[in-house]
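The values are calculated or read from the model by the stated rules, or taken from the named source; none is laboratory data. It should be emphasised that the depicted structure is a prediction, and the values quoted were computed from it without experimental measurement. All Cβ positions, glycine included, derive from the backbone under ideal geometry; neighbour counts span all protein chains shown. To get the accessible areas, we keep the full protein, side chains included, count just its heavy atoms, and leave off ligands, DNA and RNA. Shrake-Rupley method; radii C 1.70, N 1.55, O 1.52, S 1.80 Å.
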Amino acid sequence: MPLPSSTSTSRPRLTTLVTIGVSATVLLTVLALLVLVDHFAIDYARREAEQRLQQLSWQMRDSLNGVVRKAVGDVQLLSELQQVRQTRSPDEVRKVLENLQKTFPDYAWIGLANPDGTVYAATQSLLEGVNVSERDWFKGGQDKLYAGDFHPATLLGKKLPASADPWRFVDAAGPVYSPDGTYRGVLCVHMSWGWARRMVQTIFAPADRQYSADIFVVRGDGTVMLGPRGMEEQKITSDSLTLARSGASGALQETWADGKTYLTGYARSGNPEDAATLTWSILVRQPEELALAGARALERQILLLGAILGSAMAIASAIAARRLTRPLNALSRAIEGGLATPGGATLPEIRPSDSYHEVQVLSRGLAEMLRNEQLHVDELQKLNEKLESTVAERTREIARKALQLERALAQEQSTQQLLQERAAELRAILDNAHDAFIALDPGGVVREWNLQAEKLLGWQRKEVIGQPLAAMMLPPLLRRAYERDMRLLAESGDSAASVLSRRVELALHNRDGKELPVEVSLAYVPRSSGHLFIAFLHDISERKSLFASMEAMALRDTLTGLPNRRALMQALPEALRRANRSRQSCAVFFLDLDRFKQVNDRYGHDEGDELLRQFAERVGAAVRKTDTVGRLAGDEFVVILEMLHSDADAQEAADKLLPILQQPFVLKTVTVTLSASIGIAIHHPDDPQDIEMLLGRADRAMYRHKQQGIQQRARR
């Protein structure tokens, strides 16, 4: 059969296509390389710069925190010295303070103020006799260690030697107590801000020279305490400052008020919840163009090298394409010449080419294909005739199969209708059941879900069919155990009937995320294509609530509402363990009402019960909310005090409690005045955790206190 004719100019030559393809590939490769370099190199350089700036901000933060902690620690150390606590004379205290100032010259002023606010003693006698009661450091340091924020010199500005920069201070203060525990006053250290400037010059100057980085230390109101020249004591705003105030640390790209783009590392010093620290924002910025300068230079070099390499490869590919496609061009011209003969009746003659293997195989294959073409046409005609007879036979067979299929479909429709009726009956039974019903396949996927399950768990049936049960309702800690148990039950099959018939209590999560206690019974249903697990769930929330209420009643004293003996025996070991973990002492008070039996015998049990209730209320109101008050038996009460800094704290709490308990008790028909005896037992972190021994010590201490009170009354 004749081949369709074509002209040599209808399509481009293979040489042209190969040259264009290679050139385009090289161009795209260079462009892709440039894009990758621009993306990854610039991004890498930005990340490196941000990490470097973030580390600088961390170093500055740690240095600032270290200096503030040292100042606060020095205040605490001074307040514990006997020369300061006893305070025999201002000269003796002043000598101690000036010795510390000589050791740390950055402490511009150290002073001790009396409780009324007048300066008792100070370095170089500065401000002695001056009232500083309105100063923030005096107010903040009266009951705890306190760190005062950056501020100008108010009283000391004219008394201290002149300096190149105005005097600015950071304060550290704390309370001082006499050896007998009496409040003595407030000790304060004014630390000159010059230490921060020297820190930047000595520690962070190399970063400034190498990276042109600027370091900012910003107060809580946005005022720059330390920064580039001209910006100190000016207020600034930026995204990095906002993040640093929130307690975050990191680095970001942002535009500052001067219109330039910077990479800024940020961090925050101190702890807002600790009055002995200072929360400053530390910002370290570097111009973006300087941070990315190296990556930009690398990008230009790669672009130049890629252009040179692409041009060379394009020229080489054009030369190679011409040499490789020369035999193919000759073969193409021969075919075109044969097809151009009038009528196209004569097939072209293909001569084998021996230039290289591929062209040789192609030329021989084309010649063989043209010779076999006529043979294939004859065979195709015979096959066409055979196909027509086969189609007729298959048509008759399809007609017979269609009749059989129609009858089978009619029977299937009848069976399907019967199954639908049975399914509707089963659905009505399940929807009206009192318990929630769930059917699961071996993988734990929900296959059935009744109306009671919708009411109990909150999900509609259409929402859960086909979804895994564990991911919706089980807590994360129970999912692995659930999947393991389901797998074991599936493997055991019928042998698991004794396990499945039992009821198990579980805690599931409903649609609102609320934990729901249920009682579950499982059953194993074998099927032809596998098996199913069916579960009935019964809500036991009311039962659980009743049990919890009964348990709480068992731990409460019915008369006073306080924890009873059983609750105290549970709370005390926990308090001792917390004391060992926190490395702080714990105290147990054993309280007893003196002459309670006389009131009970004289005025009756009702008045005695009222007295015990009022006594319990006073004890509970007099101690901290974190302490535990309980009734042991009769008029015996126990108080557990935790987080004690010293043994004196327990005695101080007892001294505050006794006067409150000695105030008159107004009962229903009479007013009585009684005293109470208190026994104290201290548990230190390294003591053995023996509850009976601790209670026995408190009991014996209480009886000693009671005997002392009896003897005092007898002497009167």
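Among the residues of the range 623-637, those identified as modelled with pLDDT under 90 and small (Gly, Ala, Ser) are Ala633, Gly634.
Can you find, within the range 276-311, the residue that is most open to solvent (accessible area, probe 1.4 Å) among those that are among the basic types (Lys, Arg) and assigned to a helix (DSSP H, G or I)?
Taking the range 276-311 first, the residues among the basic types (Lys, Arg) are 285, 296, 300.
Now drop any that are not assigned to a helix (DSSP H, G or I), which leaves 296, 300.
Values: Arg296: 99, Arg300: 151 Å².
So, considering only residues that are among the basic types (Lys, Arg) and assigned to a helix (DSSP H, G or I), the one most open to solvent (accessible area, probe 1.4 Å) is Arg300.
Screening the candidates Arg511, Arg556, Arg503 for the property of being more than 22 Å from Gln452 (Cβ to Cβ) and either over 35 Å from the mean Cα position of the chain (by Cα) or modelled with pLDDT of 75 or more (or both) yields one hit, Arg556. Residue count for the range 146-195 under the criterion of being of a type in the set (Gly, Ala, Ser) and not in a loop (DSSP other than H, G, I, E, B): the result is 8.
Would you confirm, using the coordinates I've provided, whether Ala653 is surrounded by 18 or more Cβ atoms within 10 Å (Cβ to Cβ), of a type in the set (Gly, Ala, Ser) and not in a loop (DSSP other than H, G, I, E, B)? I'd like the intermediate steps shown before the answer.
Numbers: surrounded by 18 or more Cβ atoms within 10 Å (Cβ to Cβ): yes; of a type in the set (Gly, Ala, Ser): yes; not in a loop (DSSP other than H, G, I, E, B): yes.
Taking the combined requirement at face value, the residue satisfies it.
When Ala297, Ala275, Ala257, Ala251 are screened for being in contact (Cβ under 8 Å) with a residue 60 or more places away in the chain and over 20 Å from Val170 (Cα atoms), only Ala251 passes.
Looking across the range 656-669 at every residue that is open to solvent by less than 30 Å² (accessible area, probe 1.4 Å) and under 24 Å from Leu568 (Cα atoms), the one that is farthest from the chain's Cα centre (by Cα) is identified as Leu661.
Among the residues of the range 275-290, none qualifies, meaning not one is under 23 Å from Gly222 (Cα atoms) and out of contact with any strand residue (DSSP E or B) (no Cβ under 9 Å at 6 or more places or on another chain).
Tally up the residues in the range 670-698 that are surrounded by fewer than 18 Cβ atoms within 10 Å (Cβ to Cβ) and not hydroxyl-bearing (Ser, Thr, Tyr), please. Here the count works out to 13.
All of Ile660, Ile678, Ile640, Ile682 fail the test of being touching a His at 6+ places or on another chain (Cβ under 7 Å) and at pLDDT 90 or above, apart from Ile678. Residue selection: Val84 fails the criterion of being touching a Gly at 6+ places or on another chain (Cβ under 9 Å), crowded, with 17+ Cβ neighbours inside 10 Å and among the aliphatic types (A, V, I, L, M).
Per the conditions (1) within 26 Å of Ser541 (Cβ to Cβ); (2) of a type in the set (Asp, Glu); (3) at pLDDT below 70, the sole criterion not satisfied by Asp435 is (3). Scanning the range 573-597 for residues that are surrounded by fewer than 21 Cβ atoms within 10 Å (Cβ to Cβ) and closer than 16 Å to Arg631 by Cα yields Asp592, Asp594, Phe596.
This table checks each residue for (1) under 38 Å from the mean Cα position of the chain (by Cα); (2) among the β-branched types (Val, Ile, Thr); (3) closer than 11 Å to Ala587 by Cβ.
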{"position": "Gln614", "(1), (2), (3)": "no, no, no"}
{"position": "Arg624", "(1), (2), (3)": "yes, no, no"}
{"position": "Leu641", "(1), (2), (3)": "yes, no, yes"}
{"position": "Asp649", "(1), (2), (3)": "yes, no, yes"}
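Taking the listed residues Lys102, Lys70, Lys95, the one that is in contact with a helix residue (DSSP H, G or I) (Cβ under 9 Å, 6 or more places away or on another chain), at pLDDT 85 or above, open to solvent by 60 Å² or more (accessible area, probe 1.4 Å) and not β-branched (Val, Ile, Thr) is Lys95, with no other qualifying.
Scanning the range 254-275 for residues that are hydroxyl-bearing (Ser, Thr, Tyr), open to solvent by less than 30 Å² (accessible area, probe 1.4 Å) and either touching an Asp or Glu at 6+ places or on another chain (Cβ under 6 Å) or part of a strand (DSSP E or B) (or both) turns up Tyr262, Thr264, Tyr266.
Scanning the range 628-650 for residues that are surrounded by fewer than 19 Cβ atoms within 10 Å (Cβ to Cβ) and not polar (S, T, N, Q) returns Ala633, Gly634, Glu636, Met643, His645, Asp647, Ala648, Asp649. Restricting the range 230-245 to residues that are under 15 Å from Ala257 (Cα atoms), in contact with a Ser or Thr (Cβ under 6 Å, 6 or more places away or on another chain) and part of a helix (DSSP H, G or I), the residue that is modelled with the highest pLDDT is Ser240. Can you name the residue in the range 530-548 that is more than 13 Å from Ala433 (Cβ to Cβ) and aliphatic (A, V, I, L, M) and, of all such residues, is least open to solvent (accessible area, probe 1.4 Å)? Among residues in the range 530-548 that are more than 13 Å from Ala433 (Cβ to Cβ) and aliphatic (A, V, I, L, M), the one least open to solvent (accessible area, probe 1.4 Å) is Ile540.
Exactly one residue out of Tyr183, Tyr146, Tyr177 is surrounded by 19 or more Cβ atoms within 10 Å (Cβ to Cβ) and in contact (Cβ under 8 Å) with a residue 60 or more places away in the chain: that is Tyr146.
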